[in-house]
Amino acid sequence: MDIFMQAAISEALEGLSEGGVPIGAILVENGRIIGRGRNRRVQDQDQLMHAEMDCLRHARLTGGYHNTTLYSTLMPCYLCAGALVQFGIKKVIVGEANSAPAAMQFMLSHGIEVVDLDLPECREMMHRYISENRNQWEQFLRELNPDLLQAETSISLRHDLRPGDVGYITYLHGILYAPQQAWDHTFDSYVAIPLAEFAKRRNHRERIWIVERAGQIAGSVAIIEFSQEEAQLRWLLLQPDLRGQGLGRRLVQEAVDFAREAGYSSIFLWTVDSLPVAAGLYKSAGFREKEKVTHELWASMVTEIKYEMDLTI
Ligand SMILES: [Zn+2]
């Protein structure tokens, strides 16, 4: 394992041995640890002393935080994410993201690169702490903004387009894919133009799935009529913190089922080779790679891959 994540886990375990919540954080600059900390909520009776805050408080800084990477065993909350934004930390590597309400989207929207290693040891460490200290954990959760807790659970799907959706779905594609893939703003028009055309049609052989979390769009997929015989799957998108929970798989499967019921004999989609997780979803749904083309697109060299599935079998 990454030595810095290992160091963050050591901090978490140290906190656990003190009777605290096992969350640890490390600040790294030029390959060197310059700060370490652990959650001290229990030890200090201080609700602001999260692992990241403890780490930042004790960091030995040479010239500000701009060249540092923060490692945390758990995805930062809004309090800590606010501190990362405030001090211009550009990269955060976390052990897991599922044990407590977190602020991943907030960090991404402020240009922070977030890497979720999704480590079983980090998940198990928190799981064990929560199950052994359930009353205390629930008391901590009661201290939080209730909207954050609701945001974790209320996922819904709808098929109708509402005012603002075309723009918002385009915006999400822009902020979630383009910076990560080094594409420029022309990617927006690649999404927006056909999406706007789709919004004008009322075709019963076409459908969009809009994922909402706490009333805000957090994902999408659609089936478009390419021809009488061919359906095209488009605009598969999911907020990063909703990935890995089977939701993407469900969206692809529902889209394929719809295309089959609508009477298409095949379904295809275009994706890029730099999105391996999406490719895995398509393949497990039954898509096969059909065609590959590398060309300049969206101010970058892009290898596009066409996947196809026969629906008559
Ligand atoms: Zn925090």
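Nothing in this text is a laboratory measurement; each read-out follows from the coordinates by a stated rule. Nothing here was measured: the structure is a model prediction, and the numbers come from that model. Here the Cβ is made from the backbone with ideal geometry for all residues, glycine too, and neighbour counts use every protein chain on show.
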All positions within the stretch 54-84 that are over 23 Å from ILE3 (Cβ atoms) and aliphatic (A, V, I, L, M): LEU79, ALA81, ALA83
Some residue of the stretch 237-247 being in contact with a Ser or Thr (Cβ under 9 Å, 6 or more places away or on another chain), surrounded by 15 or more Cβ atoms within 10 Å (Cβ to Cβ) and over 17 Å from LEU108 (Cα atoms): no
Hits in the stretch 66-91 (condition: hydroxyl-bearing (Ser, Thr, Tyr), within 16 Å of the ligand (Cβ to nearest atom) and surrounded by fewer than 24 Cβ atoms within 10 Å (Cβ to Cβ)): TYR78
Those residues of the stretch 24-61 which are assigned to a loop (DSSP other than H, G, I, E, B) and either of a type in the set (Phe, Trp, Tyr) or within 11 Å of the ligand (Cβ to nearest atom) (or both), in sequence order: ASN39, ARG41, GLN47, LEU48, MET49, HIS50
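Condition check ((1) under 24 Å from GLU113 (Cα atoms); (2) free of Cβ contacts under 8 Å to residues at least 24 places away in the same chain) across all residues:
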site: MET125; (1), (2): no, no
site: GLY164; (1), (2): no, yes
site: ILE169; (1), (2): yes, no
site: HIS173; (1), (2): yes, no
